[in-house]
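So the structure is just underneath, and the comments pick up after that.
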Amino acid sequence: MNPQDQNEFNESSVNIQSFLLFLFATVIGLLVAVLLLPIFLPNMAFSLSGDSPKAYWYLSRATAFVSLTLLWLSMALGLGITNKMARLWPGMPATFAIHEYVSLLGLAFAMFHALVILGDQYINFTLLQLLVPFSTVDYRPFWVGVGQIGFYVWVIVAVSFYVRPVIGQKFWRFLHYASFGMYLMGILHGIFSGTDTSLAWAQNYYWVSAGSLIFLFFARIIGSLIDALFPAKKQTPAPRPTQG
Ligand code: HEM
């Protein structure tokens, strides 16, 4: 990306107030799901408050895939920016804005995914276990821990959008590269701690998700190699037409 593009997009496209509102809305959404749904959907009440309520687990699994999909989309758009495919569609400014927005939205879904599992009596996590990586001793502590670390890295990357002028472009870029690790942690966590991994649709989903990003990643590497080997010639302005 050229420096002009960088300066143009130095400002975060989602202001900090909107981001905090996002997270607040997630918590309100969680409370609505837990407190109000049983009133409006009595059949669901059993699922939420019976001997072994399953609704929290279903909500956690559903939002897990939404979160991973939003992270995938954000990564795909980010790679589209660097390999310049985004210039073809939907254009650089739109891609920057959607890339950032989708990443923040995905983070809100990841927060919901993690918090709502507190209601599941089978998994039976405490709030402390939810917050401390690798502490869920009774349920796949290593792979859940990988998801927890991924979540914290995601928080750092999200916050870095807002402190870019303070930390500088170089350090921001360095932090931004952590997104690759974050996606890797998210997908490995999903595969190895999720219930749905044994199902064909989930396996296809994981293949398509990782495969498409690997494709875009190599498209970027090959594009950079071509740029380095065959630098575009500077266009010399056409000679001024002579008068007379
Ligand atoms: C504090 C952070 C997190 C905690 C405590 C956590 C916890 C869990 C648990 C307990 C499961 C197993 C649920 C089950 O299927 O029985 C799970 C599955 C999953 N998580 Fe997370 N997770 C966290 C972060 C994340 C993040 C950041 C992502 C996405 C990038 C994610 C995506 C997934 C996916 C895709 C599954 C598979 C769901 C399924 O197979 O049904 N998780 N997580």
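May I ask you to verify whether residue 95 is free of Cβ contacts under 8 Å to residues at least 60 places away in the same chain, surrounded by 13 or more Cβ atoms within 10 Å (Cβ to Cβ) and not in a helix (DSSP H, G or I)?
Details: free of Cβ contacts under 8 Å to residues at least 60 places away in the same chain: yes; surrounded by 13 or more Cβ atoms within 10 Å (Cβ to Cβ): yes; not in a helix (DSSP H, G or I): no.
No: the conditions fail for residue 95.
Yes/no matrix, rows are residues, columns are (1) β-branched (Val, Ile, Thr); (2) surrounded by 13 or more Cβ atoms within 10 Å (Cβ to Cβ); (3) assigned to a helix (DSSP H, G or I):
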{"position": "130", "(1), (2), (3)": "no, yes, yes"}
{"position": "134", "(1), (2), (3)": "no, yes, no"}
{"position": "138", "(1), (2), (3)": "no, no, no"}
{"position": "143", "(1), (2), (3)": "no, yes, yes"}
{"position": "149", "(1), (2), (3)": "yes, yes, yes"}
{"position": "156", "(1), (2), (3)": "yes, no, yes"}
{"position": "166", "(1), (2), (3)": "yes, no, yes"}
{"position": "175", "(1), (2), (3)": "no, yes, yes"}
{"position": "178", "(1), (2), (3)": "no, yes, yes"}
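Pairs needed: first member in region 143-170, over 26 Å from residue 129 (Cα atoms); second member anywhere, acidic (Asp, Glu) and surrounded by 14 or more Cβ atoms within 10 Å (Cβ to Cβ); C-beta distance under 8 Å; at least 6 residues apart or different chains.
That search, which allows pairs on different chains as well, returns 161/100.
Name the residues in region 99-128 that are assigned to a helix (DSSP H, G or I) and without any contact (Cβ under 8 Å) to a residue 24 or more places away in the chain, would you? It would help to see each step written out before you state the result.
First pass over region 99-128, keeping only residues assigned to a helix (DSSP H, G or I): 99-119, 127-128.
The answer is 127, 128.
When you check residue 192 against the structure, is it more than 10 Å from the ligand (Cβ to nearest atom) and of a type in the set (Phe, Trp, Tyr), yes or no?
On the way: more than 10 Å from the ligand (Cβ to nearest atom): no; of a type in the set (Phe, Trp, Tyr): yes.
When the stated conditions are applied, residue 192 does not pass them.
Taking region 79-92 only, how many residues are assigned to a helix (DSSP H, G or I) and in contact with a Lys or Arg (Cβ under 6 Å, 6 or more places away or on another chain)?
2
Using the structure shown, decide if residue 201 is more than 8 Å from the ligand (Cβ to nearest atom) and within 19 Å of residue 77 (Cα to Cα). Spell out the reasoning first.
Values: more than 8 Å from the ligand (Cβ to nearest atom): yes; within 19 Å of residue 77 (Cα to Cα): no.
For residue 201, the condition - more than 8 Å from the ligand (Cβ to nearest atom) and within 19 Å of residue 77 (Cα to Cα) - is not met.
Show the residue pairs that are 6+ apart or on different chains and have beta-carbon atoms under 8 Å apart, the first residue being within region 188-215 and assigned to a helix (DSSP H, G or I), the second being within 10 Å of the ligand (Cβ to nearest atom) and among the acidic types (Asp, Glu).
202/196
Among the residues of region 115-128, count how many are under 23 Å from the mean Cα position of the chain (by Cα) and either among the basic types (Lys, Arg) or near the ligand (Cβ under 8 Å from one of its atoms) (or both).
1
Which of the residues belonging to region 146-168 are over 21 Å from residue 76 (Cα atoms) and more than 16 Å from the ligand (Cβ to nearest atom)?
Hits for region 146-168 are 162, 163, 164, 165, 166, 167, 168.
Read-outs throughout are calculated quantities, based only on the coordinates presented, and are distinct from any laboratory measurement. Just so it is clear, the structure is predicted and the values come from calculations on it, not from any experiment. Note that we place each Cβ from the backbone using ideal geometry, even for glycine, and neighbour counts take in every protein chain shown.
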